[in-house]
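Below is one structure, written out as structure tokens; the observations come after it.
The values are calculated or read from the model by the stated rules, or taken from the named source; none is laboratory data. On a predicted model such as this, the values are computed, not experimentally measured, just so you know. Positions of Cβ are generated from backbone atoms using ideal geometry, with glycine treated the same way; all protein chains shown enter the neighbour counts.
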Amino acid sequence: MNWVITPPPRPALHVEGTNARFPVRRIYCVGRNYAAHAREMGHDPAREAPFFFAKPPDAVVPGGGAIAWPSSTRALHHEVELVVALGGHGEALTPDAAASLVWGHAVGVDLTRRDLQAEAKRQARPWDTAKGFDHSAPVGSVLPVTVGRPAADAGIWLDVNGERRQQATLAALTWPVPELLAALSQLFRLAPGDLVFTGTPAGVAALAPGDCIECGIDGLPLLALRVG
Ligand code: MN
């Protein structure tokens with residue numbers, strides 16, 4: 001191919017215990033998928049249909065590590081989430097069929113410029129600048145389902161500078177992964193390389209420059225990062 005500029009590198013995640021990589025095609029995210037987080041954001045936690053937004057694939061920060069403090073925010077929030085990595089195609093799927101697309105799982109942080117998100121909500125504007133900025137999607141190593149997977153009631157937690165900020169279990173997901181993927185597949189044709197951030201539990205809060213984050217889900221590789 002005679003490219004007119006150098007093609008950008010393909011975003012990819014580490015695969016736990018190997019030197020192989022998982023290529024990232026798209027990043028979908030779900031909002032308000034834990035009742036306690038819906039409440040802390042000022043919403044009725046009654047079971048509503050899931051809603052989705054996206055981040056660009058090159059927002060991934062594979063394996064975490066040090067990331068620069070993002071521009072244009074005074075309220076950078078952490079949201080620890082179970083991330084599902086897909087290995088198959090499908091659309092308009094049943095929950096069982098959707099679950100069969102899952103290739104692996106990882107821990108991710110949906111970094112959010114909460115001040116820009118609040119302004120976007122007020123003005124009924126898109127969330128891209130609040131959610132889809134550079135380095136907004138740190139994701140740990142992917143554990144293939146052929147090796148293991150988190151239990152349905154696995155703990156999910158996030159510490160900042162050694163202090164626990166978020167803690168819940170995956171059993172508290174309003175929409176479990178099969179139903180979530182089935183709903184997403186009504187809107188988009190899912191494909192290998194897609195990542196789905198499945199929502200965050202309560203306890204989201206602001207970060208400060210220099211903060212160290214450690215987060216995890218029982219049974220999955222830990223994720224650590226430092227911002228600013
Ligand atoms: Mn989120």
- Message: The conditions are (1) closer than 22 Å to VAL177 by Cα; (2) within 13 Å of the ligand (Cβ to nearest atom); (3) under 15 Å from the mean Cα position of the chain (by Cα); (4) buried (at least 18 other Cβ atoms within 10 Å of the Cβ), and VAL24 fails exactly one of them. Which is it?
- Response: (2)
- Note on the structure: Filtering segment 140-168 down to residues that are within 11 Å of GLY216 (Cβ to Cβ) and either β-branched (Val, Ile, Thr) or part of a loop (DSSP other than H, G, I, E, B) (or both) yields GLY140, PRO150, ALA154, ILE156
- Query: Looking at ALA202, ALA208, ALA182, which one is away from the ligand (no atom under 16 Å from the Cβ) and buried (at least 16 other Cβ atoms within 10 Å of the Cβ)?
  - Reply: ALA182
- Check HIS43, HIS89, HIS77 and return the single one that is within 16 Å of the ligand (Cβ to nearest atom) and farther than 25 Å from ARG226 by Cα. HIS43
- Task: Considering only residues that are more than 22 Å from PRO126 (Cα to Cα) and part of a loop (DSSP other than H, G, I, E, B), look in segment 19-63 and name the one that is modelled with the lowest pLDDT.
- Result: ARG47
- Query: Pairs under 6 Å by beta carbon, first residue closer than 20 Å to ILE156 by Cα and in contact (Cβ under 8 Å) with a residue 12 or more places away in the chain in segment 190-212, partner assigned to a loop (DSSP other than H, G, I, E, B) and among the charged types (D, E, K, R), six or more apart or different chains?
  - Reply: PHE197/ASP110; THR200/GLU79; VAL204/GLU79
